[in-house]
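Data block below; observations after.
The values are calculated or read from the model by the stated rules, or taken from the named source; none is laboratory data. Note that the structure is a prediction, hence the values are computed from the model and not measured. Ideal geometry is used to build each Cβ from the backbone, glycine not excepted, and the neighbour counts take in all protein chains shown.
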């Protein structure tokens, strides 16, 4: 991976930082995140645990006192780099995609921040619809991509917007994201790498039965699943959905075969990158969540379960030694992983950042 000038450390800030998964490898690129902002207290606590030397400003960036505090810290530390990953639920195809969703307007505060601080380089990450999704500016509907360009035109920034797939950037997961690069000098995108498969990422880990805890790692533990889910999935081959089973298929309380999307009750494939990890990654009945499994001598398939947290970490490119706070419960950990900007994906983009 390209190395930055070893003598030059660049101070930066992270907005809408969640627990800071995307920042895990930024120090390798000589980026020092001085301060971060997160709205939710529990996630801010998680962030502080992982990054004890970074100032975490927990609060709503739309609150004037919070916004001013961030500006003050920026100026006092001569920051040059901004990372912003505003909430995307309002624009996500998995959500309701409402123009009026207040979370969509948070991009305005990113732009306001940029206009005041004038960073050398800005990386904004979001779901692909952000590029064409409209918001209201002074009662007029305009695409967010056009709004960003129009607002920053006078500052002579180079602006690049492109949808990239994390699977092309050292992450064993198809996760398409809109990457917006705003810089004073031309910022080139990194080259694409050969894709990493699910087998490459988790093929060495031991199988787990329902609720079983592995001895190799605290977070290689299987959830407890409904006995019917286990029955259906134990008869479902690798890469297939239980909905296609001839006998052991999902049924409702009346014993009738259910009608559902073909991505539900579905096992992953071993020799491809994983499908996109969502916040519902612990549910067998949700999207592409079930372990690929190994065919057993009795004709059934092992690992009739959702991925363990350790497996999810590897699928997202998070290191096995990620410093998860002891108090963090399974639901929180799974949710923040499902919302993450994969750290190797982020690092590769930053590795091409101009000086």
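A compact table of results
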| quantity | calculated |
| --- | --- |
| Filtered residue count, the range 311-337, keeping only those that are within 27 Å of residue 238 (Cα to Cα) and out of contact with any helix residue (DSSP H, G or I) (no Cβ under 8 Å at 6 or more places or on another chain) | 2 |
| When residues of the range 290-303 are limited to those that are closer than 23 Å to residue 257 by Cβ and in a loop (DSSP other than H, G, I, E, B), the one farthest from the chain's Cα centre (by Cα) | 299 |
| All positions within the range 246-282 that are touching a helix residue (DSSP H, G or I) at 6+ places or on another chain (Cβ under 9 Å), assigned to a loop (DSSP other than H, G, I, E, B) and without any contact (Cβ under 8 Å) to a residue 24 or more places away in the chain | 248, 249, 258, 259, 262 |
| Subset of the range 30-41 that is over 22 Å from residue 347 (Cβ atoms) and surrounded by fewer than 17 Cβ atoms within 10 Å (Cβ to Cβ) - its residue that is farthest from the chain's Cα centre (by Cα) | 41 |
| Exclusive hit being over 30 Å from residue 289 (Cβ atoms) and crowded, with 20+ Cβ neighbours inside 10 Å, set 159, 148 | 148 |
| Residue match in the range 1-24 (condition: buried (at least 19 other Cβ atoms within 10 Å of the Cβ), free of Cβ contacts under 8 Å to residues at least 24 places away in the same chain, under 24 Å from the mean Cα position of the chain (by Cα) and not in a helix (DSSP H, G or I)) | no |
| When residues of the range 112-137 are limited to those that are touching a residue at least 24 places away in the same chain (Cβ under 8 Å) and assigned to a loop (DSSP other than H, G, I, E, B), the one surrounded by the fewest Cβ atoms within 10 Å (Cβ to Cβ) | 118 |
| Failed condition for residue 287, given (1) at pLDDT below 95; (2) more than 21 Å from the chain's Cα centre (by Cα) | (2) |
| Among (1) surrounded by 19 or more Cβ atoms within 10 Å (Cβ to Cβ); (2) closer than 17 Å to residue 306 by Cβ, the one test that residue 196 misses | (2) |
| Failed item, numbered, when residue 230 is tested on (1) surrounded by 13 or more Cβ atoms within 10 Å (Cβ to Cβ); (2) more than 30 Å from residue 323 (Cβ to Cβ); (3) without any contact (Cβ under 8 Å) to a residue 12 or more places away in the chain | (3) |
| Filter result for the condition that a residue is out of contact with any helix residue (DSSP H, G or I) (no Cβ under 7 Å at 6 or more places or on another chain), assigned to a helix (DSSP H, G or I), crowded, with 16+ Cβ neighbours inside 10 Å and in contact (Cβ under 8 Å) with a residue 60 or more places away in the chain, over 106, 164 | 106 |
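This table checks each residue for (1) surrounded by fewer than 19 Cβ atoms within 10 Å (Cβ to Cβ); (2) outside any loop (DSSP other than H, G, I, E, B).
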{"position": "314", "(1), (2)": "no, yes"}
{"position": "325", "(1), (2)": "yes, no"}
{"position": "334", "(1), (2)": "no, yes"}
{"position": "337", "(1), (2)": "no, yes"}
{"position": "341", "(1), (2)": "no, no"}
{"position": "344", "(1), (2)": "no, yes"}
